[in-house]
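Just below is one structure, and these are the notes that go with it.
Every read-out reported here was derived from the displayed coordinates using simple, explicitly stated rules and does not represent laboratory data. Model, not experiment: these values are computed from the prediction. Glycine also receives a Cβ, built like all others from the backbone with ideal geometry; neighbour counts cover every protein chain displayed.
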Amino acid sequence: MSRLSQLLAGLSGWLRFTEGGVSRRRIAIVVLLFASVHVVIAGRLALIGIKSDPQVARRVSNPDLLASTRPDILDREGRQLATDVQSAMLYAEPRKGVGYVDDAVDQLRTVFPDLDERELRDKLSSKKGFVRLKREISERQQHEVRKLGIPHVGFLDESKRVYPAGSELSHVLGGVNVDSVGIAGLEKWVDSGGLADLHMAGFATGRSLKPVQLSVDLAVQHAMRDELMKAQANYQAKSTSGMVLDVRTGEIVAMVSLPDYDPNKPGKPTDLSRLNRLTTGVYEMGSTFKALTLAMALDAGKATLASRYDASAPLHFGRFTITDYHAQRRVLTVPEIFTYSSNIGAAKIAMSMGVDQHKAFLRKMGQLDRLRTELPESAMPLVPKNWGEINTATIAFGHGLAVAPLQAVMATAALVNGGLLIPPTFLKRTPEEAKKIAKRVLRPETSDKMRYLFRLNVEKGSARRAEIEGYYVGGKTGTSEKVVRGRYSHDKLLTVFTGVFPCYDPKYIVLVMVDEPKNTGHSTAGLNAAPTTGQIIARIGPLLGVEPKFDLPKADQLLLTVSQRAAN
Amino acid sequence: MLRGLNIIAVGGLIAAAAVVYDVKYSATYEAQKVARLNSEIAKEREKIATLKAEWSTLSSPDRIQRLASKYLNMKALPVTQIGNFSSLPERLYTSADPIGDIINSLDHNGGARDPIGTIIEKLESAEHAAPKSEPETTATVGTSDEPETTGSVGETELPEPTGTLGDTPGDAPEAVPETDAAPEGEQTEGSQ
């Protein structure tokens, strides 16, 4: 007690002693020191408060999610085409020890009898930090494995890409590898938008990614695929393929290439079924190319619908001879050249334009350059190196120039939609957006004439079997001989049909390709591709909301009203 | 004065410490709750995604077509069966107040709309008519109904279940008393 009082007395004495000017400054220094320390502490606190607690943040996001997610892919109506589902994966950490390896192997094999014993033993006896044992494990199996109580064996959630529609849209979607990285088709395109980098950085997790909406309509796609499968069986063809394109926007509504594959199942990328014939294959499109030849001449004013060309005798070019399949042996008008599909007539029309103009026109129509879409796969057209008069003559009826079918469809769309070349797309596009990127390649009057020719060909030409009452179908057939070992083969044919409907105001183009039909008697396009197209249009017309009309005039009257409209 | 201030300061300090303590722990608690809810949301989202994928698989056109062709007797829609509104005939009569019309019709001829009432009325009229002249009743019964009325009771009741769907309910009350009247008429005929 006395010591305390002494201490207090001393302290008060010290305080009294320091009540001078110097000590006051010292106090100020001390106060300042303490204050600065407090400021530092407060600042640090504020910083910590601003930054979120890393511990809490980690708990929020799912740390178990191994493979990062990909955006859903939807069709134009919002139906799911590709999505991620989570599945558990069984792993082990052999470095930390899994107990007796033999026991662990036996126990695991009671739950998963399909696991390879030796492989499993090798994996567990290795000194790796982490080994993946099995993917896609059900809840029940997880429970059973947990009951086994093997140390350092556990489960991780990983996302798996699934394609609910199966093989329906295989070529367009492409596929992903086991690490959820796109390896083909639109899946690869999705990755090209920086998603792969996001994956690497670990940001693309959860379901935050905006779904990708395609222009494809699953119902139309299915109808087309179903009809093509029927056709493939019916005509015993090597392959059939087809597509539907919206001529007003360039949207690809359906694209089927048979044989196809199930993207849910991993397969070899070299497999023939992985080939999308419409974008990666190049073909001589045969007589369907005559539409381009005629449009060129009509647009340039070199020919009118009343122009006549002598198709009475075959054309000779050195040792080549151009003949007609449905030879009429007389002078033909332009519509007759189209409906009788006269090679001689088409060749003469192209030659009247000259080689350079023909080449320039085809380049303008996008037939000589590689067409790129969202699909990473594309093909370069096979253009003759030395383009002479003979080439112009044969290309006029679709031989000697091989293009990707998608390319040919793009050009045909320009022939009927009023003369606008619109790059095709797999993504949803509005007519306004299409107008912005469209390029005018033909006069609208030429387009009106082409609509008439297409319709006329279905009414009384080679495409009669494509007629579907109410949809005012127009179209052009094309049968080309395939090149086998450098020569045109007479029995290996490729038949093509480009159908347009409805011809009074075209909305959609349907392309059907039948590769090597074997069923004799149905070898030309008018007998196999045309009726198949008709069937497809009958099925997809209602799906696409095209109203059938039954009180429509014949093609001749259509042209009459069009010319009247032009005169007014 | 100074001591009072000190005491207040110390008290304030303790109170502030307590408040800070409480706030910190409640914040931690809330953060945990948020984290838990977020993980629950993520789980639910995964479940939804799985269910959606399942639904898409089950409703894929390929599967629907396979099942439809197996179990349903349906055909593809022919183009000729598609019509438009302008091809529909003009609607004959449109009422601004359909319920009011029903009430009005009930008020005006309530008897006709009351099935039991009509049955009784018919029976009464039949009974009244029966004593007047024997052959007349049989004649009316014979002409008003099918020729089978003169046959057995079972036969007269036959046409009822086979009646087409197009028969409006309004016809029913009229048909019922007639078939009922027929055996009645026969009975009277037999008894007399």
For a quick check of your reading of the filter: which trypsin sites (Lys or Arg not before Pro) in region B:1-93 sit in a DSSP loop and have no more than 14 other Cβ atoms within 10 Å? B:LYS75, B:ARG91
Under a plain spin-label model, where a point goes 7 Å from the Cα along Cα-to-Cβ, how far apart in nm are A:TYR504 and A:PHE550? 1.5
If one compares the long axis through the Cα atoms of helix A:290-300 with the longest principal axis of the Cα atoms of chain A, the angle in degrees, nearest 10, works out at 80
Using a 10 Å cut-off around each Cβ, can you sort A:MET365, A:MET285 from fewest to most neighbouring Cβ atoms? A:MET365, A:MET285
Residues meeting the amide H criterion for A:LEU81 (H placed from the backbone, H to H distance under 5 Å, 5 or more places apart or on another chain) are A:ILE73, A:LEU74, A:ASP75
The answer for the longest stretch of chain A without any exposed chymotrypsin sites (Phe, Trp or Tyr not before Pro) (DSSP loop, at most 15 further Cβ atoms within 10 Å) is A:326-549
Would you mind checking the tilt of helix A:218-234 against the longest principal axis of the Cα atoms of chain A, expressed as 0 to 90 degrees and rounded to 10? 50
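Which GluC sites (Glu not before Pro) does region B:42-109 hold that lie in a coil by DSSP with at most 12 other beta carbons within 10 Å? If you can, show how the numbers build up before the last one.
Numbers: sites: B:GLU44, B:GLU46, B:GLU54, B:GLU90; in loops: B:GLU90.
Those satisfying the criteria are B:GLU90.
Lys and Arg at +1, Asp and Glu at -1: add these up for the other residues within a Cβ distance under 11 Å of A:THR425 and post the number.
Values: positive: A:ARG372, A:LYS428, A:ARG429; negative: A:ASP246, A:GLU251, A:GLU374, A:GLU433.
Result for the neighbourhood of A:THR425: -1.
Could you tell me whether region B:1-106 comes out rounded, prolate or oblate from its Cα gyration tensor? Rule is a ≥ b ≥ c as square roots of the eigenvalues, rounded for a/c under 1.5, then prolate if a/b exceeds b/c, otherwise oblate.
Numbers: a/c = 6.26, a/b = 2.22, b/c = 2.82.
Note, shape of region B:1-106 comes out oblate.
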Where the centre of each part is set by its Cα atoms, how far does region A:368-389 sit from region A:62-136, in angstrom? 45
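Can you work out D for region A:130-198 in µm² s⁻¹ from Stokes-Einstein, where Rh is the Kirkwood radius over C-alpha pairs, the temperature is 25 °C and the viscosity is 0.890 mPa s? All intermediate terms of the calculation are to be shown ahead of the outcome.
On the way: Rh = 14.6 Å.
Approximately 168 µm²/s, per Stokes-Einstein.
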Quick one: helix A:444-460 against the long Cα principal axis of chain A, what's the angle to the nearest 10°, folded into 0 to 90? 70
Enumerate the lysines that B:LYS122 could reach by cross-link, defined here as Cα to Cα under 23 Å, with residues fewer than 8 away along the same chain left out. B:LYS132
Which entries in A:LYS134/B:LYS43; A:LYS359/A:LYS435; A:LYS96/A:LYS160; A:LYS302/A:LYS449; A:LYS134/A:LYS160; A:LYS188/B:LYS43 show an alpha-carbon gap greater than 18 Å? A:LYS134/B:LYS43; A:LYS359/A:LYS435; A:LYS96/A:LYS160; A:LYS188/B:LYS43
Kirkwood hydrodynamic radius of region A:154-193, Cα pairs, Å: 10.9
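Starting with the fewest neighbours, write out A:MET513, A:MET296, A:MET380 ranked by other beta-carbon atoms found within 10 Å of each beta-carbon. Can you show the working numbers first?
On the way: A:MET513 31, A:MET296 24, A:MET380 13.
Ascending Cβ contact count within 10 Å gives the list A:MET380, A:MET296, A:MET513.
What does the charge count around A:ALA165 come to, taking other residues whose C-beta lies under 12 Å from its C-beta (Lys +1, Arg +1, Asp -1, Glu -1)?
Working: positive: A:ARG79, A:ARG225, B:ARG63; negative: A:ASP75, A:GLU168, A:ASP217, A:ASP260, A:ASP262, B:ASP62.
Summing Lys/Arg as +1 and Asp/Glu as -1 gives -3.
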List the lysines whose Cα lies under 22 Å from the Cα of B:LYS24, skipping any in the same chain that are fewer than 8 positions away. A:LYS51, B:LYS33
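Within 10 Å of each Cβ in peptide B:44-53, how many partner chain Cβ atoms are there on average? Round it to a whole number, please.
Numbers: counts 0, 3, 10, 2, 1, 10, 6, 1, 5, 10.
Mean number of neighbouring Cβ atoms from other chains: 5.
Give me A:ILE252, A:ILE437 ranked fewest to most by other Cβ atoms within 10 Å of their Cβ, as a rough exposure proxy. Walk me through the numbers on the way to the answer.
Details: A:ILE252 28, A:ILE437 13.
Placing the least packed residue first, the sequence is A:ILE437, A:ILE252.
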